[in-house]
Amino acid sequence: MGASQSRGPTIPKGITGSVLQTRLEMEGMMGQEGLGIIRHIVSHQTPGFVTRVIWSKENSTLQHEYLLICITGQEESKISWVRLERMGDLGKQAIDKEAKLMFIPAPCKSSLVHHDDETLHDVDLGPLPPTLAKMANIFSIIHQAASDYTFLHHNCWWFARQTFNVLFTRFMPDGPQKRRLQGTCIMKNLEQAEEPYHSAWRGRLIRGGLLFVTAPVFPIAWPAIIVGTASISGYAMFVLWKTSKKIDGQIDDYLRSVAE
């Protein structure tokens, strides 16, 4: 069973023609494994600026979430797009539980989405955008903080939201939009904790079904079901909060080190 199966971009990975892809090949980066590309960008200090981030969701059963990242060169007209997402497989045949990162460059955004994908939020990182190398370091920190893919906690939703939250809180200019986004990310944490079956309707259907079939033995069964599901949600909130605090500390330390 795939834990986070994305439909992926509209054309296969390894999309050619982007300025970033050409630059990576010039630097000797020929592979397509996402974490390998990210580490290459860090080690080679690949030039570029991250100017825009789009948080998106697929119109699919698992509601897979991912980020679209706009990268400009020294000349602002030279734009590349990257689709960044976290993938995992928790099936019985899965041996490696470590999450996979997909980092797919393309010359245009439309090559990386399906026509019915939903844009959750779209932000401009302002007049002083962070460098690509700095962003790659941040992606690596977030991934390594919870490198194993877990269906209930550190899944595609978590990675997209956590990364988006880190980027706009650190680099987006202050203002009403930034404050609204901070509230949105808090609510998304609550929603994920309340959706342990990877979608709200599925979780509510299962809970409702359990309450219905156990009605004959009420009031013994109902409190156990209600307390049990509340405990799962509470534990999920604790895990997400703990990981977020760990990431915030590591990223703040990193940003201070590069500012010195």
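If R0 is 35 Å, the Cβ-Cβ spacing of residue 187 and residue 110 corresponds to a FRET efficiency of close to 0.75.
Amide H contacts of residue 113 (H built 1.01 Å from N, in plane; Pro and chain starts excluded): 10 sit under 5 Å, all sequence-distant by 5 or more or on other chains. Computed from backbone phi with θ = phi - 60° and the Karplus coefficients 6.51, -1.76 and 1.60, the 3J(HN,Hα) list for segment 104-118 is 10, x, 7, x, 9, 5, 4, 6, 10, 10, 9, 4, 9, 5, 9 Hz; x is used for glycine and proline. The 3J(HN,Hα) values that the Karplus relation (6.51, -1.76, 1.60; θ = phi - 60°) gives for segment 163-172 are, in residue order, 5, 4, 4, 4, 5, 6, 6, 8, 10, 7 Hz. Gly and Pro appear as x.
FYI, it's all coordinate maths here, none of it is from the lab. Only a predicted model underlies this, so the values are computations on that prediction, with no experimental measurement involved. Please note: Cβ atoms are built from the backbone with ideal geometry, for glycine as well, and neighbour counts cover all protein chains shown.
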